[in-house]
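*Asks:* A single structure is presented below for examination.
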Amino acid sequence: MMKKLLIYSQAYPTSQNPHLAPFMESLAIALKEKFEVIVISPSPWIPFIKKTSSAKEERNGISILRPSYFSIPYITRWFNAEFMSIGSRKTFDDVVNNWKPDAVLSNFIYPDAVAGVKLSKTNSISAISVIRDTLTPQLKKWEYKIQWLNALGNSDAIICVSKSIQDSLASYGLENLNTVYNGVNADIFHIQDSKKARKELNHTNSELIVCAARHNKVKGLDTLIKSAAILIKKRPNIKVEIIGQESEYTAQLLRLVKKHNLTGIVNIRGAIPQTELAKWYNAADCVCLPTHNEGRPNSLIEAQACGTKIVSTNIPGMIESVHPKTLLVTPGNAEELAIAIDKTLSLKINKKEMSAWTKQFTWKKTAEQYKLIIDKHII
């Protein structure tokens, strides 16, 4: 009989937001081959602005429960984990009493892991925390640090998505640390006919640079826009497509595009289905992620699976995510980024070799490693 695994993560695709954190759904589907799986995905409820989410739905044979928790952006940020655990408690307890999970897999360091571990230990269930984010300056502030150190210290095991994250957590004296890389869905992300993709996307005559990232300041999208203003002087046919989950930061990006007279050259798009994203990767001459902070970027692994050249930043964990020929630059340096993109556009690579490098990362392999860790720590 399969053991039962409860996945706890507010970042998970739903019918209302199908493009949110698709890697979480890929992981859940892979784990469904090893465990019975239910997902609890708490949703922040902002009074008078955001309605509460639907309570339950099913995707790919997995039940997703969506309790709401009180949240006001910025104002409640120090207490989000507590509000999340309070808002999730009834749903969590109902699952424990009626379904009886063997372990809880809480994702992301704050607030998810803090709330998930607390709920797990209250119900005497094994708590496995998955850390997908690096320790940002914000997380190192004492009001957050006390919370996540306590949660990870109470976790039966900690899974990190990169060795650099594991090393950083080890420096705080945490134990039971493991590194397990995310997989890539080769059924979606693989080499396709680039000429056909470019024609379908109306980019037959341009040098196309694609960036797939949620619209967030930490992703360095402003640096990419500024680098485009530099690069276009040398490469007048460049086009930059920024594709990702929209936010309040989207308006700032649009203003920056206008400020640098890049309208029609730099396009800002919302999130799109994975199949469409794979087409953009295959059409691209280069995929760029100028991020300031990252756990291990799925977008770069997916782009390389499509055989596409990439440029990114020299930050912890990035060296684990990119082909050895990749150029890495200083975060926030538009001139350096423009030079690296220029060199990468001129670089000749073997697309099959690039794609083959990513074959070591599969969701099946990821799920197998998760199972070994979870089984070892089930109470």
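The values are calculated or read from the model by the stated rules, or taken from the named source; none is laboratory data. Worth saying up front: this structure is predicted, and the values here are computed from it rather than measured. Ideal geometry is used to build each Cβ from the backbone, glycine not excepted, and the neighbour counts take in all protein chains shown.
*Asks:* Since Lys359 meets every condition but one in (1) under 21 Å from the mean Cα position of the chain (by Cα); (2) of a type in the set (D, E, K, R); (3) surrounded by 15 or more Cβ atoms within 10 Å (Cβ to Cβ), which condition does it not meet?
*Replies:* (3)
*Asks:* One residue is enough: does the stretch 296-314 have a residue meeting the conditions touching a residue at least 40 places away in the same chain (Cβ under 8 Å), among the acidic types (Asp, Glu), touching a Pro at 6+ places or on another chain (Cβ under 9 Å) and buried (at least 24 other Cβ atoms within 10 Å of the Cβ)?
*Replies:* No, the stretch 296-314 contains no residue that is touching a residue at least 40 places away in the same chain (Cβ under 8 Å), among the acidic types (Asp, Glu), touching a Pro at 6+ places or on another chain (Cβ under 9 Å) and buried (at least 24 other Cβ atoms within 10 Å of the Cβ).
*Asks:* Shifting gears a bit: When the stretch 269-301 is examined, which residues are found to be more than 23 Å from Thr204 (Cα to Cα), of a type outside the set (Ser, Thr, Tyr) and part of a loop (DSSP other than H, G, I, E, B)?
*Replies:* The answer is Pro290, His292, Asn293, Glu294, Gly295, Arg296, Pro297.
*Asks:* May I ask you to say which residue of Ile165, Ile128, Ile146 is in the same structural domain as Trp78 (by TED's automatic domain parsing), closer than 22 Å to Gln10 by Cα and not in a helix (DSSP H, G or I)?
*Replies:* Ile128
*Asks:* Ile319 versus (1) in a helix (DSSP H, G or I); (2) out of contact with any Gly (no Cβ under 9 Å at 6 or more places or on another chain); (3) at pLDDT 95 or above: which is the lone unmet condition?
*Replies:* Unmet for Ile319, out of (1) in a helix (DSSP H, G or I); (2) out of contact with any Gly (no Cβ under 9 Å at 6 or more places or on another chain); (3) at pLDDT 95 or above: (3).
*Asks:* Can you pull out every residue in the stretch 132-165 that is of a type in the set (Lys, Arg) and surrounded by 23 or more Cβ atoms within 10 Å (Cβ to Cβ)?
*Replies:* Within the stretch 132-165, just Arg132 meets the criteria.
*Asks:* Just the residues that are loosely packed, with under 14 Cβ neighbours inside 10 Å and free of Cβ contacts under 8 Å to residues at least 12 places away in the same chain, please, taken from the stretch 329-349.
*Replies:* Passing the criteria: Ser346, Lys348.
*Asks:* For the stretch 205-222, which residues satisfy the criterion of being in contact with a helix residue (DSSP H, G or I) (Cβ under 7 Å, 6 or more places away or on another chain), of a type outside the set (A, V, I, L, M) and surrounded by fewer than 24 Cβ atoms within 10 Å (Cβ to Cβ)?
*Replies:* Answer for the stretch 205-222, where residues must be in contact with a helix residue (DSSP H, G or I) (Cβ under 7 Å, 6 or more places away or on another chain), of a type outside the set (A, V, I, L, M) and surrounded by fewer than 24 Cβ atoms within 10 Å (Cβ to Cβ): Glu207, His215, Asp222.
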